[in-house]
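The values are calculated or read from the model by the stated rules, or taken from the named source; none is laboratory data. Keep in mind that this is a model prediction, so the values were computed, not measured. Positions of Cβ are backbone-derived with ideal geometry, glycine not excepted, and every protein chain shown enters the neighbour counts.
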Amino acid sequence: MKDDNQENRPRMRYFRYAVFSLAALLVVTLGFAFFPAEPPAPAEPPFSEQARAAALYEALELRSAALELAAADPGSTAGAPAEESMTQVVTLLTIQARALLLPGSQASAEAFGPTSAPASTAGVPPAAAPPSPSPRAAASVAEFAARLAASGLQRLNDAETADGGMARLLAGAGTAQLLTAERLGAAASLETEARETERQGATAPACPAMSSAPDSASTSPPAGMASLGAALAAAAGAELETAYGYQAALTRLPPEAVRPASEFLAQHQDLAGQAEEYGRTHCGTLPPQPPGYVLDQGFLDSPAAGLAGLEADTLPLYGDVVALAEGATRAWALAGLQDAARRAHYWGAGAGPVPGLVLDEGQLPPLPQ
């Protein structure tokens, strides 16, 4: 009997261990049930949304600095050309900020204080993130112009990889900021050689309809490529018409304007050929070049104003190509948009707050008070 009790003791000990282990397992299991795991972090916003938020933040920061400069003592704005007053800069940045607001929402603008960055740019790659917040007041027009030029270049860099419609908006905003900064005296600008490199970059792949055997699957290009081809064909046609206008205007312009007009004519002839080449690679159907174009009497009487109108008319066409293209073709269109805006300004035409995009300011959301 004593031996039986001794044999049962280890068994009881193992049984107790099993009971205690089961109880501990139940406690741990119930604990996990009552304390669920932390929810996963929200997905990172798409690059285009990050770029939009960064552009809005920077536009509001620059607008605040421009407002303070405009309200400062007139001596503090000495050096700013009369054609580009701080009041005009404030107007430009206000319209840009309104265009960058999400439709029907002012929350994104209200959240941006003078020392806060947009929450949506947390973890944003360097190309899309806004710069570290700096004092809203610029010490001088020159310092403000440098900040404005840096912002314009960043918007143009973001436009290279953003989605179509957002790329067009960023390209227009960046172009306007960069050109305004140049007129305010900023040293930072795109070098001529860099723009030439962009225009003459890698050629786009040949149109599938041209590079494939003629069968039912290759005779029609993809719909997106066809629309891009049409946009490039329209740009080529506009460049040919503009070159014709310059040829007609050369003998009617004042002597001091003949040299720049001759340089602009050569640029348009090159751009027409480049647009035709890109159009063919993207399956565009290029119409035959007409023997001439009709120029009304107003153009002949005031050729400078006529050239300004022709230059301004090319801006939305380059905006179309920016929105539809990618890679080398978009880089070419971005450079073309900037140069067209510069030429339009030279002849006295305003490129607008977002060159390349026709805005209805009445449809833009207002900024918060």
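Apart from one condition, residue 339 fits all of (1) in contact (Cβ under 8 Å) with a residue 60 or more places away in the chain; (2) of a type in the set (Asp, Glu); (3) within 20 Å of residue 230 (Cα to Cα); the exception is (3).
Given the options 124, 90, name the one that is under 19 Å from residue 355 (Cβ atoms) and either at pLDDT below 95 or in a helix (DSSP H, G or I) (or both). Break it down stepwise before answering.
Working: 124 fails: under 19 Å from residue 355 (Cβ atoms).
The match here is 90.
So, in region 141-187, exactly how many residues are within 21 Å of residue 66 (Cα to Cα), more than 8 Å from the chain's Cα centre (by Cα) and not aromatic (Phe, Trp, Tyr)? Of the residues in that region, 26 qualify.
Per-residue answers, yes or no, for (1) surrounded by 20 or more Cβ atoms within 10 Å (Cβ to Cβ); (2) farther than 17 Å from residue 247 by Cβ; (3) among the acidic types (Asp, Glu):
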residue	(1), (2), (3)
270	no, no, yes
290	no, no, no
294	no, no, no
302	no, no, no
310	yes, no, no
325	yes, yes, no
332	yes, yes, no
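With respect to (1) of a type outside the set (Phe, Trp, Tyr); (2) part of a loop (DSSP other than H, G, I, E, B); (3) at pLDDT 65 or above, the lone exception for residue 37 is condition (3).
On the basis of being surrounded by fewer than 24 Cβ atoms within 10 Å (Cβ to Cβ) and outside the structural domain of residue 96 (by TED's automatic domain parsing), does residue 340 make the cut? Write out each step before concluding.
Details: surrounded by fewer than 24 Cβ atoms within 10 Å (Cβ to Cβ): no; outside the structural domain of residue 96 (by TED's automatic domain parsing): yes.
No: the conditions fail for residue 340.
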